[in-house]
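Colleague: Mind having a look at this structure? Questions to follow.
The values are calculated or read from the model by the stated rules, or taken from the named source; none is laboratory data. Please read all numbers here as calculations on a predicted model, not as lab measurements. Please note: Cβ atoms are built from the backbone with ideal geometry, for glycine as well, and neighbour counts cover all protein chains shown.
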Amino acid sequence: MRILVTGANGQLGQALQGAVRPVPGMEWHFHSRAELDISDPDMVDSLVRFLRPDIIINAAAYTAVDRAESEAEQAYRINRDGAGHLAQSGKAVGAKLIQISTDYVYDNGRAIPYLETDPVRPQGVYARSKQAGEEAVLQADPTNMVIRTSWLYGPAGTNFLKTMIRLGREKPSIGVVFDQVGSPTCTIDLAEALVAMVQRIQDDPSGGAGFQGIFNYSNEGVCSWYDLAVGIMRYTGSTCEVRPIRSADYPTPASRPAYSVMDKARIKDTFGLQIAHWRDALERCIREMPKEPVA
Ligand SMILES: NC(=O)c1ccc[n+]([C@@H]2O[C@H](COP(=O)([O-])OP(=O)(O)OC[C@H]3O[C@@H](n4cnc5c(N)ncnc54)[C@H](OP(=O)(O)O)[C@@H]3O)[C@@H](O)[C@H]2O)c1
């Protein structure tokens, strides 16, 4: 089985590279943006036809949520069209596409954990472009998969954890919003889950045809960004005080859902996954992070 991973230098792409173990009969091919620009249909098609992967994991995306408000064309070119190119070329060689998407497609104003069957109501350019990407992937082939994840952080790349570690070293006190709640996801955990899912698909006698559609994935438990920041300061030994502030006091170009918790029963039941609580995942991530200065 050959697996192609796009966006290999992103935070999830790097975590996937770390999660893969040598398994007989399984070949992983990681491609950075320089090696495979998913917004270039010819480049996608020639690489996919050359490699003939069984599975494509699309970890490439335009992820600048606020900048997307002024760069809509670019966000759609990557998040909608890029996903569509991978789906079309993948279909031509019989590959199953696993598209990584976001909790931001939900936001229906309720405070009950979202099911994959709930209606979507993406707010903002980034969220709408990701939802358009989901549609492109599932319309091309309904046996493709979409994994909606939330609040991604990890040892690689730029993310909330890295920012908080830096601020925890530089500032005596910071304000963090407490009125947006959701579930953080450590890239290490998501990457390990994806590797386990690929293994299940490989072991499936029907070639994984039964594994299809939308799945939610995050770490277990619920918190606010404030709670997450407090956890980061605690596990990194920082004395920086974290103050709860309202979103209204921290305006951003793109609005974020106030409630963004996802129900993960489907992915756990389908793939037999066990998911760590966000606090345990955070503690492990910080423990396993390289100790050199954080940018
Ligand atoms: N970050 C979050 O909090 C979060 C939350 C929910 C869902 N997600 C989703 O999770 C997935 C992984 O996100 P992430 O946090 O790992 O993102 P990331 O760190 O921003 O990585 C995305 C990668 O995609 C690459 N890329 C951008 N445009 C590309 C193109 N045209 N062709 C090929 N590669 C391209 C980027 O390369 P450059 O660095 O060169 O631009 C980068 O390496 C994405 O689908 C994202 O929407 C993220």
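Colleague: Which fully enclosed strands (runs of 3 or more DSSP E) of region 71-183 have 2 or more residues being surrounded by 18 or more Cβ atoms within 10 Å (Cβ to Cβ) and without any contact (Cβ under 8 Å) to a residue 60 or more places away in the chain?
Modeller: In region 71-183, the matching strands (runs of 3 or more DSSP E) lie at 96-102.
Colleague: Now a separate question. Across region 76-104, which residue is nearest to the ligand (Cβ to nearest atom) among those that are among the β-branched types (Val, Ile, Thr) and touching a Lys or Arg at 6+ places or on another chain (Cβ under 7 Å)?
Modeller: Thr102
Colleague: Could you list, in sequence order, the residues of region 177-197 that are more than 19 Å from Tyr259 (Cα to Cα) and either touching an Asp or Glu at 6+ places or on another chain (Cβ under 9 Å) or among the hydroxyl-bearing types (Ser, Thr, Tyr) (or both)?
Modeller: Listed by number, the residues that qualify are Thr187, Ile188.
Colleague: So, one more: Being hydroxyl-bearing (Ser, Thr, Tyr), at pLDDT 95 or above and surrounded by fewer than 21 Cβ atoms within 10 Å (Cβ to Cβ): is that true of Ser39 here?
Modeller: In short, yes.
Colleague: Next question, about the same structure. Return the residues of region 40-73 that are under 17 Å from Ala132 (Cα atoms) and within 9 Å of the ligand (Cβ to nearest atom); say none if nothing qualifies.
Modeller: Asn58, Ala59, Ala60, Ala61, Tyr62, Thr63, Ala64, Val65
Colleague: May I pose another question? Restricted to region 236-256, and to residues that are within 16 Å of Trp151 (Cβ to Cβ) and modelled with pLDDT of 90 or more, which residue is surrounded by the fewest Cβ atoms within 10 Å (Cβ to Cβ)?
Modeller: Filtering first and then ranking leaves Thr252.
Colleague: Select, from Pro113, Pro119, the only residue that is at pLDDT below 95 and not basic (Lys, Arg).
Modeller: Of the residues listed, the single one that is at pLDDT below 95 and not basic (Lys, Arg) is Pro119.
Colleague: Here's something else I'd like to know. Tell me, please, whether a residue that is of a type in the set (D, E, K, R) and on the phi > 0 side of the Ramachandran plot can be found in region 45-56.
Modeller: yes
Colleague: Asp37 - would you say it is more than 12 Å from the ligand (Cβ to nearest atom) and of a type in the set (D, E, K, R)?
Modeller: no
Colleague: Next question. Mind checking whether some residue in region 221-233 is at pLDDT below 95, surrounded by fewer than 23 Cβ atoms within 10 Å (Cβ to Cβ) and either in contact with a Leu (Cβ under 7 Å, 6 or more places away or on another chain) or over 29 Å from Pro119 (Cα atoms) (or both)?
Modeller: No - not one qualifying residue is present in region 221-233.
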